[in-house]
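Notes for the one structure printed next.
The values are calculated or read from the model by the stated rules, or taken from the named source; none is laboratory data. It should be emphasised that the depicted structure is a prediction, and the values quoted were computed from it without experimental measurement. All Cβ positions, even for glycine, are placed from backbone atoms using ideal geometry, and neighbour counts span all protein chains on display. These area figures cover heavy atoms from the full protein model, side chains too; ligands, DNA and RNA do not enter into them. Shrake-Rupley method; radii C 1.70, N 1.55, O 1.52, S 1.80 Å.
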Amino acid sequence: MVSSNNKKRTRHHSGSSGSLDNEGPLPQECASAESTSSLIKARTLQSPPAKAQRKGDFESIDFWIQHDTLLHDAWLEYGPKVPQLYNYETDNRTSTFHERFEQDYIDPKLRDVVNNLVQTSSRQTKGIGAEDENVKNQAIFESTPYQIVSGVYALPNLFTKKFCQDMVRELNHLNDAGIPVRRPNSMNRYGLILGEVPGLKANLDHVVQKYVIPFALHLFPESAILSDLVESYAFVVRYADGEDLDLAVHRDSSVITLNVCLGETFEGGNLGFESWDERDHFRYSHALPPRNETVSFEPGMTILHRGAQMHEALPLKSGKRVNLIIWIHGKDGHVRYAPYEKDEQEHYSVAWTK
C-alpha cells in the first residue's frame, strides 16, 4: 500500500465596518470579498470519486495537482475547531510542540520519563555518565511497550484519551467543511491526508521524533537505524457502512507504522497479522497469509509494527471506526527491507542526540 501524496495560518474576513454607525460592510464589499474567498471557490469544486481499491494513489491526480493551492488556502480560511492540535511553524528544526499539545495529549508519566532521558542523553554527549535516575527512566521507557501478537507492540501510555476525543472532534469539523478531500492511500478510499490541512501534521511530527522513533529503534533494532526514519506520512482512514468495510492483506510503504484507533463506536474490524519472522525481510509475496493472529483494535489503542509485516483489516460489522496512521520511512519515501547486523544497530538514545 502506498501513499497519495506551509504557509502561516490566516483567517479570512468577509469585510469590516468602516461606517460611523457600525452597520457593517456594504453589499458590494461583501460580494467582492466572497469573490476572492478560497473556501467558497473550493466548495464549488466537484470532487472526483475514489473508486480503486488497489493502486489508487494516482487516481484523479490531475485534479489534485490543479487545485492544490486553492485547497491549501481554503483549509487556512476554514480554520480549526481544536487549535492545540495545530502547529503552523514550518521548520521542524527550530519549532516545538504547540504549547498545550504535550500537556493535553501525551501521557504525563511517559512525558516526564522521556524529558528526563532527553536531558540525560544530552549531558552524556558531554561526557557525563548515566546516573541511577537515568537507569530507572530507561527501565520505565523500555517496559512501556508490550507485544500483543508476533511483531506487533502496544504503546498503552502514548496518547491520552483526550487526544483521541479531540482528534475525532476535529476530523468531524473538517468533514463538514465542504472542501474536497483526497483519498489517503492506494487502498483506503475514505479518510484524510493530514499534511494537506496546514498545521495539522506538525505536532505529530514532533511526537514521531521524540517518542515513536526511540520506541522503534528499541523494538526493531534489526529493521531500522535513525537514517531510515527521517520522514513520515500521516493520514486518517475511515471504515463505515457504505464506505470501506475492510482492507485486503498488504504491506505498508514504511519502515515502521504507528496505528492509533481514535474511535468511534463499532463492532468487528479486527486487525489480522501474519506472524513475523526474519524471512519477512526478503519475502515480497502478497498471497493471503495464515491468519493465525488477530488484534482486537479498541478505541484509544496504539500499536507499532514493521511496515513489512503482512496485515489486513477484517470486516467491520457495524458502526464507524477511524484510525490515525503514521508511516515512518527514509528520505523521499525510501523503505529499507534488509536487516542490520548486530554491530550496525543503534541504541534508541541516538534519536535524542542527533
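The table below lists the values:
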quantity: Subset of the range 266-285 (residues that are in a loop (DSSP other than H, G, I, E, B) and modelled with pLDDT under 90); calculated: Glu274, Ser275, Trp276, Asp277, Phe282, Arg283, Tyr284, Ser285
quantity: Unique match (being loosely packed, with under 14 Cβ neighbours inside 10 Å and either within 29 Å of Thr265 (Cβ to Cβ) or at pLDDT 90 or above (or both)) among Glu298, Glu293; calculated: Glu298
quantity: Some residue of the range 310-325 being of a type outside the set (Asp, Glu), crowded, with 16+ Cβ neighbours inside 10 Å and closer than 17 Å to Pro145 by Cβ; calculated: no
quantity: Any pair with Cβ under 6 angstrom, 6 or more apart, that starts in the range 139-165 at a residue that is among the hydrophobic types (A, V, I, L, M, F, W, C) and ends at one that is in a loop (DSSP other than H, G, I, E, B) and open to solvent by less than 50 Å² (accessible area, probe 1.4 Å); calculated: Leu155/Pro145; Cys164/Gly300
quantity: Residue match in the range 129-140 (condition: under 23 Å from Val255 (Cβ atoms) and either at pLDDT 95 or above or touching a Ser or Thr at 6+ places or on another chain (Cβ under 8 Å) (or both)); calculated: no
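For (1) touching a His at 6+ places or on another chain (Cβ under 6 Å); (2) at pLDDT below 95; (3) surrounded by 12 or more Cβ atoms within 10 Å (Cβ to Cβ), each residue gets a yes or a no:
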| position | (1), (2), (3) |
| --- | --- |
| Arg54 | no, yes, no |
| Pro80 | no, no, yes |
| Ser95 | no, yes, yes |
| Gln103 | no, yes, yes |
| Ser122 | no, yes, yes |
